[in-house]
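Some notes on the structure that comes next.
The values are calculated or read from the model by the stated rules, or taken from the named source; none is laboratory data. No experiment lies behind these values; they were computed from the predicted model shown. Cβ atoms come from the backbone with ideal geometry, glycine included; neighbour counts cover every protein chain shown. All accessible areas refer to the heavy atoms of the entire protein, side chains included, with ligands and DNA or RNA removed. Shrake-Rupley method; radii C 1.70, N 1.55, O 1.52, S 1.80 Å.
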Amino acid sequence: MAKEAAAIELIFDLVRGRTDGISKVDYAPQKPLFPDGPAGKALPRTSPESEGIASARIEGLLRALKESKTLHMHAVMILKNGNVIGEASFYPYQKELWHMTYSMAKSVVSMAVGFLVSEGKLSLDTHIVDIFKKKLGLLGMIRQKDLTVEHLLTMTSGVAFNEMGSVSGNDWLKGFLEAPVHHGAGESFEYNSMNTYVLSAIVTEVTGETLLDYLTPRLFEPLGITKVFWESCPKGINKGGWGLFLTIEDMAKLGQLYLDHGRWEGRQVIPEGWVEASTTSKVVPPEETGFSGYGYQIWMCGRPGSFAFNGMMGQNVFVYPDVDMVLVTTAGNEEFFNSNALQEVMETYLPKEGEGTERLPEDRNAYERLKRLQESLSKADKPSSALIRGGGWKRRKLRAEEWQKQAQRLDGKRYVLDAVYAGLFPLMGQVFHNNYTQGIRELGFGAEQGEFLLEILEGETLHRLPIGFGDARYTSLDFHGEPYAAAVSGRFARDEDGQLVLAVTVFYLEDAMKRLIKIRFQEERILVSFDEVPGKRIILDGLASLTDSVMERPLFRRLREKGNVDLVKVLMERTIEPVIEGREKTGDAEQKFS
C-alpha cells in the first residue's frame, strides 16, 4: 500500500539521521501565538463548602496529583454545580494558556455532527458514498458502500486507512475513501482518528465551512470561548481528531454544557437528545482503553452514568452527573487512552452518590489552606540559596558560586556536533505537527543581562534559550514559522567521574511534551544526550503497526530469527534518544556560529 510505504520510508529516513525535507506531507506554518487580550466570560468561582464539599477533600486531590510518580500534571480544574471549586497550574505550566487537546477534540467534532443532524443537513444513516460521490472512484464506491455517518461516530468503520495516513501524503480524504477494510462496517470497534477526520470533512462538504468556522457561532461564541485554534490538513480541512487548542477553562465549559444536557445560561445550545445519544454506549471498546463503553466520539467511564472527552497523555474532561461535577485535566502522561491511575486518583476524592447535595458550613481555615496550595503549585520549588541540585544520575551537588563560575567559564564557547539530526522540538511534536527539524548543528553558551543562555543552531535558525536555575525562564521558540511558548530550567552537577554536566529541560507549555538535554563536558569535547517526555514507550507503541510491517520484510525477519533482535525497535530507540558527540570550535573566527 502506498500509504504504508511512505510511512515506512519516513521511519527509515529518521533512523538514518535524515531530517530536512523528509516529510511526505506539504508543510505550511499554521499555529499562531496565543492571542493577547481578555479571555471570554469566566466560570463562577466559589468555595467547595458552598457546593457541599469540604475544602480538605479538594486539597487532598490536588496533593495526590502533585505527588504521583506516574502522572505529569499540567493543570486541573474542578467544577461542582457549574462553579469552579478547585483549580491549579502545576509549575511551570500556566492554565491561562491554551493547550493541545489531542483526541479530546473528537468529542467536539461529535457536537458539530449533532448540529448538522438537528439542522436537517445530515442523518446518522447517511452513506458516506452519497456525501462524497463526486470524489469517489469505482473502487471507493465498492469498498465503502455500506459505511454511514454513525459508523464513523462509533469507530466501527473498519477502514484500514488510519493515523499513519496523516504522515504519508496530502490527500487524506482520498486515502480514506479508497482504502481497503479490515471488517464490515459496524461489525466491531477499531479506534481510528481518521474516522473523525472524515466527520470534519463531512462538515466542510455539507456546509462549505471549516469545522472551526461552523462551530464558532453555534458553540464557541455562546459559551464565551474566544481563544481557540484548530490545525488543518494540507487540503484545508480541520484535522478533527486532533489539532485543537483550548484553555482548560474552555474545556471545562464543554463538560458543563454536557452535564446540563446541552443547556448554557438558560439556552439550549446543543439538542438534549443529541447529548443523551452521544453519551450512551453504542459499542464496547477493548479493555486496555480503560473505558467501559463508547458512544458518539465520547467514552463511558466505570462509574455509572459518567463519561469523558479523552485525549492521549492526560487531556481529559470527566463528567459525573450523579454528583453534578466536572473534572478537567491537561498533562504529559505516558498513556494513549485513559490513565486508570489518573481516574483512580480523581474518583478517590469524589463524593459518593447522594453526597454533596447540601451546603456545608464555611471553613475559612481549610479554604485558605486550599487557596495557598493552589498558589504554591503554580510556583517553583526553589532549592536553598546555597545549592543547585543535580538529578537523574550519581552526582555531587554544586554550590551556587561554583556553578556560577562554570557558567562564566562556558560563556562564549561553541561546539560543533558530529551528527545533525536531533531537534529542539521533540520527535513526537515534529510528527504531530508535521514540523520536522533540520537538525542541531552547533551548541553554544552565553550570558546576557544576568541570564545564562544555551544557544542552539538548528538548520539556519539560532535559538537562544535563557536557563533558569531553581526556577524556569519563560520564552518563545519558533519552528519554521510556528511559535511555541516554552519554559527552560537547568541544573549543573558533576557525574560519578567528576565531569561537569548541564541538564536542561524545555517545557512546551501549550502541549504535552518536554525536551530533555543533558550535556557532559569532556575537555574539548561534549557528549549530548537527548530525551523527551512522553518518551520512547508511547512513541514506539504508536508506531507498532508500522514497525511490525517493517520487521516482516525478508531482511529484517532473517536478522530477528538469527539474533532475536527487533532491529527496527533498537534503531527507533536510538532515534528517539540520540547521544551525539561534539567538538569545541577554536579561533576567533570560528567562535561565531557558522
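Miscellaneous remarks
- Per-residue SASA entry for R143, accessible area with 1.4 Å probe, Å² rounded to 10: 90 Å²
- Residue-wise HN-Hα coupling along region 459-475, computed from phi with Karplus coefficients 6.51, -1.76, 1.60 (Hz; x: Gly, Pro): x, 9, 9, 9, 9, 10, 9, x, 9, x, 10, x, 9, 7, 10, 8, 7
- Cα gyration tensor shape of region 428-467, rounded if a/c is under 1.5, else prolate or oblate by comparing a/b with b/c: prolate
- Kirkwood-type radius of region 410-490, with distances r between different C-alpha atoms, in Å: 13.3 Å
- Viscosity 1.567 mPa s, temperature 4 °C, Stokes-Einstein D of region 169-242 from Kirkwood C-alpha radius, µm²/s: 95 µm²/s
- Calculated [θ] (222 nm, deg cm²/dmol) that DSSP helices of n ≥ 4 give over the chain, each run adding -39,500 (n - 2.57): -8500 deg cm²/dmol
- Sequence of T475, T70, T437 when ordered by accessible area, the most exposed leading, probe 1.4 angstrom: T70, T475, T437
- Probe 1.4 Å - accessible area at T357, Å² to nearest ten: 100 Å²
- Accessible area in the full protein assembly, largest first, 1.4 Å probe, for V501, V228: V228, V501
- Apportionment of accessible area to carbon and sulfur, the chain, percent (1.4 Å): 48 percent
- Region 414-484 and region 132-191: distance between their alpha carbon centers, rounded to Å: 39 Å
- Accessible-area value, S103, 1.4 Å probe, nucleic acids and ligands omitted, Å²: 20 Å²
- Note on region 401-552: along the principal axes its Cα atoms extend 54, 35, 28 Å, ordered by decreasing extent.
- For the chain, DSSP calls about 100 percent of its internal beta bridges antiparallel.
- As computed over region 454-531, the Cα convex hull volume per residue (Å³): 104 Å³
- Under 15 Å from the Cα of K413 - aspartates and glutamates, other chains or at least 8 residues apart: E442, E448, E455, E523, E524, E584, D588, E590
- A quarter of the convex hull surface defined by the alpha-carbon atoms of region 116-199 gives 5.3 nm² as the mean projection.
- Here the relative contact order of region 12-131, from alpha carbon pairs under 8 Å that lie six or more residues apart, stands at 17 percent.
- Directionally averaged shadow of region 282-388, computed from the convex hull of its alpha-carbon atoms, nm²: 9.7 nm²
- Segment R63..S376, full-extension length gain: 111.6 nm, with 0.36 nm per residue of separation and the alpha-carbon distance subtracted.
- Solvent exposure of region 392-520, expressed per residue, is 36 Å² of accessible area, with all protein chains present and a 1.4 angstrom probe.
- By the rule of a C-alpha distance below 15 Å, with chain neighbours fewer than 8 residues away ignored, the aspartates and glutamates paired with K66 are E87, E344, E375, D381.
- Across D411, D495, the residue with the most accessible area heads the list, and the full order at a 1.4 Å probe is D411, D495.
- Only the Cβ atoms of Lys and Arg (+1) and of Asp and Glu (-1) were treated as charged; on that basis the dipole of region 478-548 about its Cα centre amounts to roughly 220 debye.
- Normalised contact order of the chain, rounded percent, pairs of Cα under 8 Å and 6 or more residues apart: 16 percent
- Dimensionless Rg over Rh [the chain; C-alpha; Kirkwood]: 0.98
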